[in-house]
Amino acid sequence: MSQDQYAGRHVGSDERALSQMLSAIGVRSVDELIGQVVPSTIRLKKPLALPREGMSECEFAAHIREIGRKNKLYRSLIGMGYYGTASPAVILRNVFENPAWYTSYTPYQAEISQGRLEALLNFQTAVVSMTGMEVSNCSLLDEATATAEAMAMMFALRSREAVREGRNVLFVDENIFPQTLDVLLTRSEPFGIEIVSDRFDCYEFTGSEFGAIVQYPAADGEVRDYDDFAAAAHSRGVLVTAVADMLSLALLKAPGEWGADIVTGSTQRFGIPMGFGGPHAAYLATKDAFKRNMPGRIIGVSVDRLGNKALRMALQMREQHIKRERATSNICTAQALLATMAGFFAVYHGAEGIRRIALHAHSHAVVVADMLEKLGYELKTKNFFDTIEVAADAAKVREAALARRLNFFYPDEGRVRLSFDELSTLAEANAVIAAFAEAAGKKAPALKTIGGQDRLPVGVRRSSAYLTEPVFRNYRSETELMRYVKKLERRDISLVDSMISLGSCTMKLTPAVAMMPLSLSEFADIHPFVPADQAEGYRELIDALSKDLATITGMAAVSLQPNSGASGEYTGLMVIRAYYQSRGQGYRNVALIPASAHGTNPASAAMAGMRTVTVACDERGNIDVDDLKAKATQYASELCCIMVTYPSTHGVFESRIREIVDIVHDNGGQVYMDGANMNAQVGLTNPGYIGADVCHLNLHKTFAIPHGGGGPGVGPICVAAHLAEFLPGHSLAETGGRSGITAVAAAPFGSALVLPITYGYIKMLGESGLRRATEMAIVNANYLAAALKDEFGIVYTGETGRVGHEMILDLRDFRKLYGVECADIARRLMDYGFHAPTLSFPVHETLMIEPTESESLAELDRFVESLVAIKRECEQIRDGEADAEDNPVKMAPHTAQEACADTWTHPYGRERAVFPLPWIQANKFFPYVTKIDGGYGDRNLCCTCGTLYGGE
């Protein structure tokens, strides 16, 4: 065979290295090890029904281009939250297509994440500036779910009096995008929130409302003055959320200036391709008084050990692990990579450029509107930014528009809506006019030019400045932006630097060839609401991927709509809820959740209106089956489900999993399997074979979509046959089950643009490669366990003494023995060039390590050598050979600035600080800051970038 098989490129170790690892583990073969790790009762009896061998990279590249050509590249003026945009090549090439940016992890370890933290701080600053609010988070999943988060936030902010009064009504203006209303309906029902949809200018508050949501501009394009509405709402104790088009805010009065309490929306127009619906970075901005109720992550400015300004995730950065079912949201993964790109878009264009783009879209809408009126059409929108709605025969206009390869939006048979954008041109404007002229049976007048017309009413025009910080003025040339991006890139550890062994995160390789389709126009420039015949390539890919995922999980049906793992959890639970409601058993609302579960599990259950009951774990970290029996029996009449992660969050294949499944089923419940650890199952077992009814997958873990510094993620759910009819639908596209729940995301297929990555991963590995990847993930984890167990100890193992694909390193006695905390070890690893494993989860003062199958034996050995060397440094503290406080471990990490300073105050040498092992000198990563003072950052919260340039 002339072409490489991709499986050999994906797996990090060759046969010689494998032999060495198996010897160290103490087994003769991979099969022997797998037999000791995975219970025989749940092993698949035959291979997955997939092609045995995968495509080569060349074959896949040709195959995916062929699929892309089946998508028709019409010019979409559909709008509805998705618009044409010019993605600057300097950003696409240096960020979107750059593994240094797309393979990094959520910046929990701030000292080695300063680059993307600054990029996200720029995003937050842009959002705060454009919206006129005081604080912003660093992205949410999409506009619709961000608005649903705002609804929940307003509900949680009710005064004690409002709670006593039972205020549960949310007013939603009827002129809002239907996909946003869909998600609001989905999210509101479990909370007992009643949505009242009416016209904002006719509505009279009754005293039952806690919140109100309006869109700005409205769905039909109308720009409305909300000053009086906001004042009336506030007079009745009602909070107001504005769903705002970010680009429009360059011309329109900022929502914060007319009284909005929360502003949500999408930043897709800031250079992010439509991508058949996503991924795009949404935002949520609010008042400082409400900051502790904000969902998602907030980047804040703090200081490091040397007094330098340093960035970190502030406030509730790990709140799901701490608050669990009391968390403000189940948000974990967001859209960091897309937020980074949108932030760089704002940096590149600055205030003047953003205003120019906004005025360009507005001007095209103005001149086309004038010409349509001259043709005799009635404009339904009078004051507009970029979107006009016209009374017209929709069928005739559609036929004429399609003949010119134009897509408009058709609310009904008598109305046509069209949105102009950054890409609009004079020729396009004339084509639009010609289509309407043909539909009217008239000759089309021709535009000669389009000036900078501004027809916005004076009362809604923006007068305040925005994007005034130096970062939005200093990088206007491609050269300068390229170098700024590179400067930030150098401050971060990603997979281009070294292994990222984060347990429960599966930081595996993303195939470069599978990233390439994302830059093709045939995938990037498709609107999610195009006619079905224009997206045949996407539908072919989605159908094939869904079939493959169903095969891999042993399930009957799949929904790709959830756009994060936590969203998948929520969707799966809502499908179970709908199933019971259809059977007249809506009273079943108890979710059994093991004590070891990821914090998003109880948070998702609470959002789905369920009551969580914790199931204990035994001394080996497994689910306490006796406790499960007792609680399943106790709550049998109310039992809805159990949420179980498999292998467990402790990294062990529990041998009694089938018994656990049977107990829940026998007591009338469903089994929800969290797919966080699916990387240890693929090809060896699967949720359906084990007996689960629903599972979610993290395509950004098991199936190679990169983490992007904290998103995008994709969290599809796979369900058994009896749940298939309840899969989520969508009001603007055909998808889901016949009795499907309302939408859980803005787009029908969620973050469709990144689906070719998982599709390619499966197609290139094939059945044998997928199974081999799983086996090697288990081999690598057990090799590390064998190498480290005598130095540190392993907290939990299976009945045979083996771990699954990850393991927990025991550092619980380090504080007592050495005066060193787990976090100190994590920071010292940075000096050795490594991103630390997962810190203090799921067991406090431990490190959870997951090497994945992609890492080589050489890299695993460097990691082992580093950890052992740090252990020796700790022993020197214990033995009095190093100062108890001023030592390399507790002072870590060490920056180049400190190491090269004229003055060195530490009792240990510079070389020991920064080059603790000889091989580090050849490829040294210097953290940009040293140990960050987290408390200072929370006490003095600043979430905009002005202070980085000397501002307050």
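The values are calculated or read from the model by the stated rules, or taken from the named source; none is laboratory data. This structure is a prediction, so every number in the text was calculated from the model and none was measured. Here the Cβ positions follow ideal geometry from the backbone for every residue, glycine too, while neighbour counts run over all protein chains shown. Each accessible area value is taken on the protein alone, full model and side chains, heavy atoms only, with ligands, DNA and RNA left out. Shrake-Rupley method; radii C 1.70, N 1.55, O 1.52, S 1.80 Å.
When residues of the stretch 2-24 are filtered for being touching a residue at least 24 places away in the same chain (Cβ under 8 Å), over 32 Å from the mean Cα position of the chain (by Cα) and open to solvent by 40 Å² or more (accessible area, probe 1.4 Å), how many remain?
The total comes to 4.
Which helices (runs of 4 or more DSSP H) sit wholly inside the stretch 130-191 and have at least 1 residues that are of a type in the set (S, T, N, Q)?
Values: elements: 143-156, 160-165, 178-191.
By residue number, 143-156, 178-191.
Does Lys70 fit the bill of being modelled with pLDDT of 95 or more, open to solvent by 10 Å² or more (accessible area, probe 1.4 Å) and closer than 30 Å to Gly688 by Cα? Spell out how you get there, then give the answer.
Values: modelled with pLDDT of 95 or more: yes; open to solvent by 10 Å² or more (accessible area, probe 1.4 Å): yes; closer than 30 Å to Gly688 by Cα: no.
So Lys70 does not fit the description; no.
Can you tell me which residue among Tyr108, Tyr82 is open to solvent by less than 20 Å² (accessible area, probe 1.4 Å) and hydroxyl-bearing (Ser, Thr, Tyr)?
Details: Tyr108 fails: open to solvent by less than 20 Å² (accessible area, probe 1.4 Å).
Just a single option satisfies the conditions, and that option is Tyr82.
For residues that are touching a helix residue (DSSP H, G or I) at 6+ places or on another chain (Cβ under 9 Å) and loosely packed, with under 14 Cβ neighbours inside 10 Å, scanning just the stretch 25-44, find the one that is farthest from Ala550 (Cα to Cα).
Among residues in the stretch 25-44 that are touching a helix residue (DSSP H, G or I) at 6+ places or on another chain (Cβ under 9 Å) and loosely packed, with under 14 Cβ neighbours inside 10 Å, the one farthest from Ala550 (Cα to Cα) is Gly26.
Tell me yes or no: at least one residue of the stretch 6-18 is polar (S, T, N, Q) and farther than 22 Å from Met507 by Cβ. Talk me through it step by step, then tell me what you get.
Keep residues of the stretch 6-18 that are polar (S, T, N, Q), which gives 13.
Among the residues that remain, those that are also farther than 22 Å from Met507 by Cβ are: none.
Within the stretch 6-18, not a single residue is polar (S, T, N, Q) and farther than 22 Å from Met507 by Cβ.
Tell me yes or no: at least one residue of the stretch 696-718 is among the aliphatic types (A, V, I, L, M), assigned to a loop (DSSP other than H, G, I, E, B), over 21 Å from the mean Cα position of the chain (by Cα) and under 30 Å from Ile663 (Cα atoms). Walk me through it before giving the result.
Within the stretch 696-718, the first condition is being among the aliphatic types (A, V, I, L, M), and the residues that meet it are 697, 699, 704-705, 714, 717.
Retained after the next criterion (residues that are assigned to a loop (DSSP other than H, G, I, E, B)): 697, 699, 704-705, 714.
Still in the list and also over 21 Å from the mean Cα position of the chain (by Cα): none.
No, there is no match, as no residue in the stretch 696-718 is among the aliphatic types (A, V, I, L, M), assigned to a loop (DSSP other than H, G, I, E, B), over 21 Å from the mean Cα position of the chain (by Cα) and under 30 Å from Ile663 (Cα atoms).
Filter the stretch 183-216 down to residues that are among the aliphatic types (A, V, I, L, M) and out of contact with any helix residue (DSSP H, G or I) (no Cβ under 8 Å at 6 or more places or on another chain) and give me whichever is farthest from Gly79 (Cα to Cα).
Val196
Rundown of residues vs (1) at pLDDT below 95; (2) out of contact with any Ser or Thr (no Cβ under 6 Å at 6 or more places or on another chain); (3) basic (Lys, Arg); (4) closer than 18 Å to Ile552 by Cα, yes/no style:
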position: Gly8; (1), (2), (3), (4): yes, yes, no, no
position: Glu15; (1), (2), (3), (4): no, yes, no, no
position: Leu18; (1), (2), (3), (4): no, yes, no, no
position: Gly26; (1), (2), (3), (4): no, yes, no, no
position: Val30; (1), (2), (3), (4): no, yes, no, no
position: Leu48; (1), (2), (3), (4): no, no, no, yes
position: Pro51; (1), (2), (3), (4): no, yes, no, yes
position: Met55; (1), (2), (3), (4): no, yes, no, yes
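Do the conditions hold for Gly278, that is, is it touching a Phe, Trp or Tyr at 6+ places or on another chain (Cβ under 7 Å) and modelled with pLDDT of 95 or more? Can you show your working first?
Numbers: touching a Phe, Trp or Tyr at 6+ places or on another chain (Cβ under 7 Å): no; modelled with pLDDT of 95 or more: yes.
For Gly278, the condition - touching a Phe, Trp or Tyr at 6+ places or on another chain (Cβ under 7 Å) and modelled with pLDDT of 95 or more - is not met.
Considering only the stretch 266-300, state which residues are farther than 22 Å from Ala752 by Cβ, open to solvent by 10 Å² or more (accessible area, probe 1.4 Å) and not in a helix (DSSP H, G or I).
Lys287, Arg297
Is there any pair with a first residue in the stretch 221-239 that is on the phi > 0 side of the Ramachandran plot and a second that is open to solvent by 40 Å² or more (accessible area, probe 1.4 Å) and of a type in the set (Ser, Thr, Tyr) whose Cβ atoms are under 9 Å apart and which are 6 or more apart or on different chains, and what are they?
Gly237/Ser159
Failed condition for Tyr580, given (1) outside any helix (DSSP H, G or I); (2) under 23 Å from Ala724 (Cα atoms); (3) open to solvent by less than 10 Å² (accessible area, probe 1.4 Å); (4) among the hydroxyl-bearing types (Ser, Thr, Tyr), with all others met?
Tallying (1) outside any helix (DSSP H, G or I); (2) under 23 Å from Ala724 (Cα atoms); (3) open to solvent by less than 10 Å² (accessible area, probe 1.4 Å); (4) among the hydroxyl-bearing types (Ser, Thr, Tyr), Tyr580 fails exactly one: (1).
Which residues, counting only those in the stretch 869-883, are free of Cβ contacts under 8 Å to residues at least 12 places away in the same chain and buried (at least 22 other Cβ atoms within 10 Å of the Cβ)? Working first, answer last.
At the first step, the residues of the stretch 869-883 found to be free of Cβ contacts under 8 Å to residues at least 12 places away in the same chain are 872, 876, 879-881.
If the condition is that a residue be free of Cβ contacts under 8 Å to residues at least 12 places away in the same chain and buried (at least 22 other Cβ atoms within 10 Å of the Cβ), then no residue fits.
Just checking, which of Ser87, Ser104 is out of contact with any Asp or Glu (no Cβ under 7 Å at 6 or more places or on another chain), in a loop (DSSP other than H, G, I, E, B) and small (Gly, Ala, Ser)?
Working: Ser104 fails: out of contact with any Asp or Glu (no Cβ under 7 Å at 6 or more places or on another chain).
Exactly one residue qualifies, and that residue is Ser87.
Check whether at least one residue in the stretch 807-820 is of a type outside the set (A, V, I, L, M), within 22 Å of the chain's Cα centre (by Cα) and farther than 30 Å from Glu522 by Cβ, and report yes or no. Please lay out each step first, then the result.
As a first pass, look at the stretch 807-820 and keep what is of a type outside the set (A, V, I, L, M): 810, 812-816, 818-819.
Filter once more, so that each one left must be within 22 Å of the chain's Cα centre (by Cα): none.
No, there is no match, as no residue in the stretch 807-820 is of a type outside the set (A, V, I, L, M), within 22 Å of the chain's Cα centre (by Cα) and farther than 30 Å from Glu522 by Cβ.
Within the group Thr125, Thr103, Thr85, which residue is in contact with a helix residue (DSSP H, G or I) (Cβ under 6 Å, 6 or more places away or on another chain) and at pLDDT 95 or above?
Numbers: Thr103 fails: in contact with a helix residue (DSSP H, G or I) (Cβ under 6 Å, 6 or more places away or on another chain); Thr85 fails: in contact with a helix residue (DSSP H, G or I) (Cβ under 6 Å, 6 or more places away or on another chain).
Just a single option satisfies the conditions, and that option is Thr125.
Could you list, in sequence order, the residues of the stretch 507-541 that are closer than 15 Å to Tyr761 by Cβ and assigned to a helix (DSSP H, G or I)?
Matches in the stretch 507-541: Ala512, Val513, Ala514, Met515, Met516, Pro517, Leu518, Leu541.
Does the stretch 776-825 hold any residues that are surrounded by 19 or more Cβ atoms within 10 Å (Cβ to Cβ) and β-branched (Val, Ile, Thr), and which are they?
Ile778, Val779, Ile794, Val795, Thr797, Val803, Ile808, Val820, Ile825
Can you confirm whether His707 is open to solvent by 10 Å² or more (accessible area, probe 1.4 Å) and modelled with pLDDT under 95?
Working: open to solvent by 10 Å² or more (accessible area, probe 1.4 Å): yes; modelled with pLDDT under 95: yes.
So His707 passes the test.
Here's the yes/no breakdown for (1) open to solvent by less than 20 Å² (accessible area, probe 1.4 Å); (2) hydrophobic (A, V, I, L, M, F, W, C):
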| position | (1), (2) |
| --- | --- |
| Leu860 | yes, yes |
| Phe863 | yes, yes |
| Leu867 | yes, yes |
| Glu885 | no, no |
| Lys890 | no, no |
| Ala896 | no, yes |
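Mind checking whether some residue in the stretch 751-764 is more than 25 Å from Gly708 (Cβ to Cβ) and surrounded by fewer than 24 Cβ atoms within 10 Å (Cβ to Cβ)? Spell out how you get there, then give the answer.
Of all residues in the stretch 751-764, those more than 25 Å from Gly708 (Cβ to Cβ) come to none.
Checked the stretch 751-764: no residue is more than 25 Å from Gly708 (Cβ to Cβ) and surrounded by fewer than 24 Cβ atoms within 10 Å (Cβ to Cβ).
Picking from Val803, Val779, Val795, Val820, which residue would you name as being in contact (Cβ under 8 Å) with a residue 40 or more places away in the chain, under 21 Å from Ile877 (Cα atoms) and not small (Gly, Ala, Ser)? Don't jump to the end; show me each part of the working.
Values: Val803 fails: under 21 Å from Ile877 (Cα atoms); Val779 fails: under 21 Å from Ile877 (Cα atoms); Val795 fails: under 21 Å from Ile877 (Cα atoms).
Residue meeting the stated conditions: Val820.
Any chance the stretch 440-455 includes a residue that's crowded, with 20+ Cβ neighbours inside 10 Å and touching a residue at least 12 places away in the same chain (Cβ under 8 Å)? Explain how you work it out, then say what you get.
Taking the stretch 440-455 first, the residues crowded, with 20+ Cβ neighbours inside 10 Å are none.
No, the stretch 440-455 contains no residue that is crowded, with 20+ Cβ neighbours inside 10 Å and touching a residue at least 12 places away in the same chain (Cβ under 8 Å).
Could you list, ordered by first residue, the pairs with Cβ atoms under 8 Å in which the first is in the stretch 746-766 and at positive phi and the second is outside any loop (DSSP other than H, G, I, E, B) and surrounded by fewer than 24 Cβ atoms within 10 Å (Cβ to Cβ), at least 6 apart or interchain?
The qualifying pairs are Gly766/Ala7.
So which of Val263, Val196, Val240 ends up being crowded, with 24+ Cβ neighbours inside 10 Å, more than 25 Å from the chain's Cα centre (by Cα) and not in a loop (DSSP other than H, G, I, E, B)? Reasoning before the result, please.
Values: Val263 fails: more than 25 Å from the chain's Cα centre (by Cα); Val196 fails: crowded, with 24+ Cβ neighbours inside 10 Å.
Every option except Val240 fails the conditions.
Name the residues in the stretch 830-858 that are under 18 Å from Leu811 (Cβ atoms), in contact with a Ser or Thr (Cβ under 7 Å, 6 or more places away or on another chain) and open to solvent by 30 Å² or more (accessible area, probe 1.4 Å), would you?
Ser840, Pro842
Only residues in the stretch 499-517 that are in contact (Cβ under 8 Å) with a residue 24 or more places away in the chain and at positive phi count as the first member; pair them with residues that are open to solvent by 10 Å² or more (accessible area, probe 1.4 Å) and assigned to a loop (DSSP other than H, G, I, E, B), Cβ under 7 angstrom, at least 6 apart or cross-chain, and list the lot.
So the pair list comes out as Ser504/His598; Thr506/Lys701.
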